[in-house]
1. Taking interchain pairs and intrachain pairs at least six residues apart, which have beta carbon atoms under 7 angstrom, with the first residue in segment 98-122 and under 14 Å from Asn135 (Cβ atoms) and the second of a type in the set (Gly, Ala, Ser) and crowded, with 16+ Cβ neighbours inside 10 Å?
2. If Leu126 satisfies every condition in (1) surrounded by 15 or more Cβ atoms within 10 Å (Cβ to Cβ); (2) in contact (Cβ under 8 Å) with a residue 24 or more places away in the chain but one, which is the exception?
3. Those residues that are hydroxyl-bearing (Ser, Thr, Tyr) and outside any loop (DSSP other than H, G, I, E, B), I need them from segment 69-127; list them, please.
4. Step by step: first the residues of segment 99-149, then only those that are modelled with pLDDT of 85 or more and among the basic types (Lys, Arg), then the one that is nearest to the chain's Cα centre (by Cα). Which residue is that?
Amino acid sequence: MAGGLLGGGGGGGLRGHGELPLNADINVTSLVDVAFVLLIIFMITAPIMQGGVDVRLPRAEAKPIEPKSGLVITVDRTGQIFLDQTALTYEDFRSTFPAFVRTKHPTGVYLRADGRVDYATVVRVLAVMRASGVNDVGLVAEPEEVGGP
């Protein structure tokens, strides 16, 4: 009786009369199905969870500003910064712009940046302007050409 409870009948893997042997293999079909479902879920949700929004910036008609209406900061193609007409390096601009704003109190501050200048350069200039207490900065653009060449 003890031999029957412990499964000690000996033999070559047959559990009883006419039964098939135990299958100890893992069924990978269901595992692959679950893996593919998870892959599809991640493929669908990954683009949604990205931080940025894909936009196409519009072209707009821009009125040219009057030179005497405010302070104009210009960044040319090479990254050279101009405070009105005075050329400055980034370090000079960073050190002199806050004092200039405190003493002159400009009515408006406008940033003119060449379209070919690095985005990082423009952001650095904007950061100096914001740190100096200038919160409203006008970004100057060229007027849109209505007719094609």
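1. Final answer for the pair search is Pro98/Ser132; Val101/Ser132.
2. Looking at each condition in turn, Leu126 falls short on (2).
3. Ser69, Thr74, Thr86, Tyr90, Ser95, Thr96, Thr103, Tyr110, Tyr119, Thr121
4. Across segment 99-149, the extreme among qualifying residues is Arg124.
Residue by residue, here is whether (1) within 23 Å of Arg116 (Cβ to Cβ); (2) at pLDDT below 90 holds:
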residue: Ala2; (1), (2): no, yes
residue: Glu19; (1), (2): no, yes
residue: Met43; (1), (2): no, yes
residue: Pro64; (1), (2): yes, yes
residue: Arg77; (1), (2): yes, yes
residue: Glu91; (1), (2): yes, no
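The values are calculated or read from the model by the stated rules, or taken from the named source; none is laboratory data. Keep in mind it's a predicted model, so treat the numbers as computed, not measured. Neighbour counts run over all protein chains shown; Cβ positions are idealised from the backbone, glycine included.
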